[in-house]
Every structure is written in structure tokens, then in C-alpha cells.
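Each remark here refers to the structure printed beneath this line.
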Amino acid sequence: MSADLKPSLYLETTIPSYLAARTSSNIITAGKQALTHDFWDLERHKYDLYVSDYVHEECEKGDILVANRRLALLDGIDILRKTPDVNLLADVYMNLLSIPQRSKIDAQHLAICCHYGIDILLSWNCTHLGIESMQIVMKYNDNHGLLTPQMITPDYIVEKYKEGNLDV
């Protein structure tokens, strides 16, 4: 990537959800919320941000006031559209990674990033997309000419910022 281009970064639904929620009484969740706010306040401008139809659909659910806060955070962020090819790729990832049907959205977020060539998938949800899973995806994608995004959490970006190493 040339020096004048920003990396592309896909915001999975946990990011606007942590930003819009009241501070949790659970110390771990509250810490993740604080780190997400740090990313949002200090780092987001260093990336070309993207969300998808999937993110919008998830953000619309639940309490209407919180849903409206989540959706307001997405204003002005480019939306990647779901397509039949994205849905087929999500099915491939579900099979490759043995993702259960109830968690299909995880495969859909990954598929949209791979389909559109996004550099970074930012999420707090690493249940089905951990290191070993991403290695499997990378091997598949390499064989099929697809880019595999870095799967990272906001704390990684915030720590790099604090260390003065701004390259992700």
C-alpha cells in the first residue's frame, strides 16, 4: 500500500455496539468499551472505514434508543452491499470453519471483507474467527485469489498508537 492511501477497515457490529452502550458494570466489558472509545476518538481517522448491510441490520435491532445511537455512529461510513457472491463465500467459510448456522453472521462479515478486499476486520467477536480459523481462511483465499483481512480488536490498534508504532 502506498504511503498516501489509508488502510481499509471494516467495523463489525460489536464496535458501534460498544460505543453506543451505557458503561457496563462488568469490568472486562467496561474495559473493552473504553478501548473502543479510544480507537474511535484517536485512531479511526487513520483508516477508510466501511460497514455493510449486515452491520446496519444488526444495529437496527433491540432497544430503539440504543439502536438509533448505533445507527448514528454509522452515518457517513461507506456501506458494502451484500451480494449473492458474498452469501456463497459466507457459506464456504461456514463449512471450512464449522461455524454453526446461528452464527452465520460471523461468516458473512468475513465474506464481505474478503469479497471487497478490505485490509482489516475490526471486531471484539473472535469466537469463530480466531488465529487458527483465519489461517484456514488465508489458505483458502490464497488458493482462490482473495485477500484475507487482518482480524484485530480495538485494543491492538490503541496499543500500537500508545507505543508510537502507528502501522497496523
### Dipole axis of the range 11-163 (+1 Lys, Arg; -1 Asp, Glu on Cβ), positive-most option in Pro100, Ile15, Ile79
Pro100
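So what's the range 11-163 giving for Cα Rg divided by 2.2 N^0.38 Å, two decimals?
Values: Rg = 15.3 Å, N = 153, 2.2 N^0.38 = 14.9 Å.
The range 11-163 yields a ratio of 1.03.
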### Message
At 7 Å along Cα-to-Cβ for each site, give me the label-to-label distance between Lys46 and Ile136 in nm.
### Response
3.2
### Query
What lysines could a cross-link reach from Lys46, if we take a straight Cα to Cα line under 23 Å and drop same-chain neighbours fewer than 8 places away?
Lys6, Lys32, Lys160, Lys162
### Query
Direction-averaged shadow area of the convex hull around the Cα atoms of the range 89-168, nm²?
5.2
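Given the DSSP H assignment, sum -39500 (n - 2.57) over each helix run of at least 4 residues in the chain and divide by its residue total; what's the result at 222 nm in deg cm²/dmol, nearest 500? Walk me through the numbers before you get to the answer.
Numbers: 8 runs with 86 residues, N = 168.
One gets -15500 deg cm²/dmol as the mean residue ellipticity at 222 nm.
No lab work stands behind these numbers, since they all come straight from the coordinates. If you're wondering where the values come from, they're calculated on a predicted model, not measured in any experiment. Don't worry about glycine lacking a Cβ; one is built from the backbone with ideal geometry, like all the others, and counts go over all protein chains shown.
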